[in-house]
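All remarks here apply to the structure that follows.
The values are calculated or read from the model by the stated rules, or taken from the named source; none is laboratory data. From a predicted model like this one, the values you see are computed outputs, not experimental measurements. Reconstructed Cβ throughout: ideal geometry from the backbone, glycine too, with neighbour counts over all protein chains shown.
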Amino acid sequence: MNKNSKIYIAGHRGLVGSALMQNLQSKGFSHLITRTHTELDLTNQAATETFFAQEKPDYVFLAAARVGGILANDTYPAEFIRDNLAIQTNIIHAAYQSGVERLMFLGSSCIYPKLAPQPMREDCLLTGSLEPTNRPYALAKIAGIEMCWSYNRQYGTRYLAVMPTNLYGPGDNYDLSNSHVIPALIRKFHEAKARGEQQVVVWGTGSPKREFLYSEDMADACIYLMNLPDDSYCRLLGSDETVSGKFEPPLVNIGVGEDVTIGELATLIKKTVGFDGKIIFDISKQDGPPRKLLDVSRLNAIGWHAPTSLQAGLVKAYTDFLNSHTSIEAH
């Protein structure tokens, strides 16, 4: 990418997209294309194709998606598979039609089997059953990877899928009904502190292990990959398995390579917020997979490592929460 390249960030208002926007702007990229959902409904095929035909972006970051935590995935499975399939199908095909040079499709670590060997390598894809609570979302993302792979093979496109681990950071969703674990716990501990409560309830046993990546680091990794020279970038785009005999999807994990238990995470957030009470685990709530750690050796070998520690990232995330939610009152 050069500074004047036309770069479309689909989903620029979300956690991922806003981090990509900020990183690109900080690096001097001046021709960024965005549309709000009101301006462009990406589930509408005709509208999406018209947009691409008119704008003709050079590069695309496909970060638009319907996302949520365990509760949201379990409550709205039809919307999660329907909307995500529609969004990615429309964008990937329209990108091909308009001659986009490179496209980056952002997925999620939930694409890997529930009991995949840890840490999870890229070639773990499609080797086992998925976690039932987020299977609709995961299947949609797997379809997106396969679509990138298929278009690369058939049309010679250069579409790369990246799988970030669990993300958190500025602009996160703090709605307790559909947020991920870190923003949910930040809000829970903050409100308990404000109300002078003596305990905070955390779902599950606290024993599952999870990996967490600061969203601004994720954005930096994505742009690092998108900016690779042709020879390095094209080596990541997968192979034709019928020719090579190897299962090599166009897929790169993005993470830190370290994980913590939910119990350890809760303790870290408790200290970050300054809550003095107890942590109570509600063992009637489901835990999800016992462990989800990405193998990031492929990314590290290319030359990128996550710079922000979990402790430092949580301080930044809580500062963002305080700055953006000053109107939230304990009730």
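Of all residues in the stretch 299-316 being under 18 Å from the mean Cα position of the chain (by Cα) and part of a helix (DSSP H, G or I), which is nearest to residue 182 (Cα to Cα)?
Checking each candidate, the answer is 314.
Looking at 101, 55 in this structure, which one is surrounded by fewer than 17 Cβ atoms within 10 Å (Cβ to Cβ) and touching an Asp or Glu at 6+ places or on another chain (Cβ under 6 Å)? Let's see the steps before the verdict.
Working: 55 fails: touching an Asp or Glu at 6+ places or on another chain (Cβ under 6 Å).
Sole residue among the options that is surrounded by fewer than 17 Cβ atoms within 10 Å (Cβ to Cβ) and touching an Asp or Glu at 6+ places or on another chain (Cβ under 6 Å): 101.
Give all pairs with beta carbons closer than 6 Å in which a residue from the stretch 164-183 that is over 19 Å from residue 309 (Cβ atoms) meets a residue that is basic (Lys, Arg) and outside any loop (DSSP other than H, G, I, E, B); count only pairs at least 6 apart in sequence or on separate chains.
Listed by first residue and then by second, the contacts come to 174/187.
Name the single residue that is surrounded by the most Cβ atoms within 10 Å (Cβ to Cβ) among those in the stretch 1-49 being without any contact (Cβ under 8 Å) to a residue 12 or more places away in the chain and either touching a Cys at 6+ places or on another chain (Cβ under 7 Å) or assigned to a helix (DSSP H, G or I) (or both).
Among those residues, the one meeting the criterion is 47.
Is it the case, given these coordinates, that residue 96 is hydroxyl-bearing (Ser, Thr, Tyr), at negative phi and in contact (Cβ under 8 Å) with a residue 24 or more places away in the chain?
Considered against the rule, which asks whether it is hydroxyl-bearing (Ser, Thr, Tyr), at negative phi and in contact (Cβ under 8 Å) with a residue 24 or more places away in the chain, residue 96 comes out as yes.
Going by what's in this entry, would residue 157 be described as modelled with pLDDT of 90 or more, closer than 17 Å to residue 291 by Cβ and of a type in the set (S, T, N, Q)?
Details: modelled with pLDDT of 90 or more: yes; closer than 17 Å to residue 291 by Cβ: no; of a type in the set (S, T, N, Q): yes.
No.
Of the residues that sit in the stretch 178-212 and are under 19 Å from the mean Cα position of the chain (by Cα) and more than 15 Å from residue 267 (Cβ to Cβ), which one is surrounded by the fewest Cβ atoms within 10 Å (Cβ to Cβ)?
178
How about the stretch 207-292: which helices (runs of 4 or more DSSP H) wholly inside it have at least 3 residues that are in contact with a helix residue (DSSP H, G or I) (Cβ under 7 Å, 6 or more places away or on another chain)?
Details: elements: 215-226, 230-234, 241-244, 262-273.
Of the helices (runs of 4 or more DSSP H) lying wholly inside the stretch 207-292, those with at least 3 residues that are in contact with a helix residue (DSSP H, G or I) (Cβ under 7 Å, 6 or more places away or on another chain) span 215-226, 262-273.
Pull up the stretch 232-276, narrow it to residues that are more than 22 Å from residue 317 (Cβ to Cβ) and of a type in the set (Val, Ile, Thr), then point me to the one that is modelled with the highest pLDDT.
Result: 252.
Which one is nearest to residue 91 (Cα to Cα) among residues in the stretch 129-143 that are surrounded by 22 or more Cβ atoms within 10 Å (Cβ to Cβ) and touching a Cys at 6+ places or on another chain (Cβ under 9 Å)?
141
Within 23 Å of residue 252 (Cβ to Cβ) and either in contact with a Gly (Cβ under 7 Å, 6 or more places away or on another chain) or polar (S, T, N, Q) (or both), is that true of residue 115? So that I can check it myself, show each step before the final result.
Details: within 23 Å of residue 252 (Cβ to Cβ): yes; either in contact with a Gly (Cβ under 7 Å, 6 or more places away or on another chain) or polar (S, T, N, Q) (or both): yes.
Answer is yes for this residue.
Name the residues in the stretch 140-163 that are touching a helix residue (DSSP H, G or I) at 6+ places or on another chain (Cβ under 8 Å) and of a type in the set (Phe, Trp, Tyr), would you? Before you say what the answer is, go through the steps one by one.
Going through the stretch 140-163, the residues touching a helix residue (DSSP H, G or I) at 6+ places or on another chain (Cβ under 8 Å) turn out to be 140-145, 147-148, 151, 155, 157-163.
Hits for the stretch 140-163 are 151, 155, 159.
Is it the case that residue 84 is crowded, with 18+ Cβ neighbours inside 10 Å, of a type in the set (S, T, N, Q) and farther than 30 Å from residue 229 by Cβ? Before the answer, list the steps.
Numbers: crowded, with 18+ Cβ neighbours inside 10 Å: yes; of a type in the set (S, T, N, Q): yes; farther than 30 Å from residue 229 by Cβ: yes.
Against the criterion (crowded, with 18+ Cβ neighbours inside 10 Å, of a type in the set (S, T, N, Q) and farther than 30 Å from residue 229 by Cβ), residue 84 qualifies.
Using the structure shown, decide if residue 306 is among the small types (Gly, Ala, Ser), within 26 Å of residue 196 (Cβ to Cβ), at pLDDT 95 or above and surrounded by 17 or more Cβ atoms within 10 Å (Cβ to Cβ). Working first, answer last.
Values: among the small types (Gly, Ala, Ser): yes; within 26 Å of residue 196 (Cβ to Cβ): no; at pLDDT 95 or above: yes; surrounded by 17 or more Cβ atoms within 10 Å (Cβ to Cβ): yes.
No, not satisfied.
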